[in-house]
């Protein structure tokens, strides 16, 4: 039943090609998360949707970052709106500032940057998140740093002055994370039952 609902959710985004069906058929978390992401991001064309799924799977596999954590960050940052712009002028699905996007693209040798292109945004966003996770070695601090900036959180942590408002963002991400974990677990059981 849930697998059928997931198929319906994924198909709401438009007709599915064979590769999308393959991603949907993958019982692993990477394929599930990519399909869920594609079903939520509605303001892109089919070619971009497929490319976005492929980049999402590639980057989460290469980085080792839990794809459900990335989904939770995207939900928190942009509510799955690829054209989102924050009051701080951060852009796209993972809400990258222009300076951060340019710096990461240069650092990673990625060339052209378009924060509104979901494939660019996800690729740069996941690589940026990986740098923060490696630097802070603590999920809560890393999430704060992703939201406020690594320098600001590093200084606040060193001074033992992490503010309560800094803790709101990690709590929101963790709330989405728990929700998406439940969705995935429910779908995984359904996939196993239907095999």
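The values are calculated or read from the model by the stated rules, or taken from the named source; none is laboratory data. Just so it is clear, the structure is predicted and the values come from calculations on it, not from any experiment. No Cβ is skipped: glycine too gets one built from the backbone with ideal geometry, and neighbour counts run over all protein chains shown.
Couple of notes before you dig in:
- Meets criteria (outside any helix (DSSP H, G or I), at pLDDT 90 or above and over 19 Å from residue 142 (Cα atoms)) for residue 48: no
- Residue count, the range 116-137 (criterion: outside any helix (DSSP H, G or I) and closer than 14 Å to residue 55 by Cβ): 1
- Subset tally (residues that are under 19 Å from residue 131 (Cβ atoms) and touching a strand residue (DSSP E or B) at 6+ places or on another chain (Cβ under 7 Å)) for the range 76-90: 1
- For residue 142, the criteria (1) under 15 Å from the mean Cα position of the chain (by Cα); (2) more than 27 Å from residue 39 (Cα to Cα); (3) part of a loop (DSSP other than H, G, I, E, B) hold in every case but one, which is (3).
- Within the range 76-96, the set of residues being surrounded by 21 or more Cβ atoms within 10 Å (Cβ to Cβ) and closer than 21 Å to residue 182 by Cβ comprises 76, 77.
- Residues within the range 59-108 that are without any contact (Cβ under 8 Å) to a residue 12 or more places away in the chain and assigned to a helix (DSSP H, G or I), tallied: 6
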